[in-house]
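Here the structure comes first, spelled out in structure tokens, and everything after it is commentary.
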Amino acid sequence: MDNYSIFALNISKVNYSVMTNLDNTDIKLLELLQKNSKFTTKELASKVNLSATPVFERIKRLEENGYIRKYTAILNPEKINNGFSVYCNIRLKKHSQEYILNFTAAIEEIKEITECYNVSGDYDFMLKIYVQNMQHYQLFVQEKLGVIESIGSLHSIFVMKEVKHTFSLPIY
């Protein structure tokens, strides 16, 4: 087994909680909060036919048990002059743990990269990148990705039109 396989096995041992002890009310609360996390406890209570105190306690339990990671504002990339989105597939030079760790540490520091996934197939990682335009992406590749020693090659895919973008997860 190569070092890359060992690294993949190590990260696969993360303890993911299985959806247990959630009733229909918990599921409804999660669905409502995904649609609008600014609902007040009182508003949520009216939507699930409970009083505010049990709803508050349920949400607190869902947060403590890791079902709710955080609450955040979702910005419009067009309004902040970062409406050019690119998916970039990365192939590393070598699949050693050192190269993987160096790559992931470098990626963590680059603000234009909003998502990074370790993937299977022809590439090792897939990045989602937001920049102003094509010229900024060219500079980004030269000045930021181009200096990461562990990158062997990259393949860019430019988004022409966003058809669907949701942060809501299906809950079963």
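The values are calculated or read from the model by the stated rules, or taken from the named source; none is laboratory data. Quick caveat, the model's predicted, so the values are computed rather than measured. Methodologically, a virtual Cβ is constructed for each residue, glycine included, from the backbone with ideal geometry; neighbour enumeration extends over all protein chains shown. Accessible surface is based on the protein model in full, side chains and every heavy atom, while ligands, DNA and RNA are left aside. Shrake-Rupley method; radii C 1.70, N 1.55, O 1.52, S 1.80 Å.
Some observations on this one:
- Against the conditions (1) more than 20 Å from Ile171 (Cβ to Cβ); (2) modelled with pLDDT under 95, Thr20 satisfies every one except (1).
- Here Ile157 does not fit the description of being outside any loop (DSSP other than H, G, I, E, B) and either within 27 Å of Tyr71 (Cβ to Cβ) or without any contact (Cβ under 8 Å) to a residue 40 or more places away in the chain (or both).
- If the condition is being small (Gly, Ala, Ser) and either under 24 Å from Thr72 (Cα atoms) or open to solvent by 80 Å² or more (accessible area, probe 1.4 Å) (or both), then region 137-172 contributes only Ser168.
- Filtering region 74-100 to residues that are among the aliphatic types (A, V, I, L, M) and either touching a residue at least 60 places away in the same chain (Cβ under 8 Å) or buried (at least 16 other Cβ atoms within 10 Å of the Cβ) (or both) leaves Ile74, Val86, Ile90, Leu92, Ile100.
- Residue match in region 101-108 (condition: β-branched (Val, Ile, Thr), open to solvent by 20 Å² or more (accessible area, probe 1.4 Å) and not in a loop (DSSP other than H, G, I, E, B)): yes
- Residues that are open to solvent by less than 90 Å² (accessible area, probe 1.4 Å) and part of a helix (DSSP H, G or I), drawn from region 25-43: Thr25, Asp26, Ile27, Lys28, Leu29, Leu30, Glu31, Leu32, Leu33, Gln34, Thr41, Glu43
- Residue check, Ser46 touching a strand residue (DSSP E or B) at 6+ places or on another chain (Cβ under 8 Å), of a type in the set (Ser, Thr, Tyr), at pLDDT 95 or above and outside any loop (DSSP other than H, G, I, E, B): no
- Residues within region 112-140 that are part of a helix (DSSP H, G or I) and either touching a residue at least 40 places away in the same chain (Cβ under 8 Å) or small (Gly, Ala, Ser) (or both), tallied: 3
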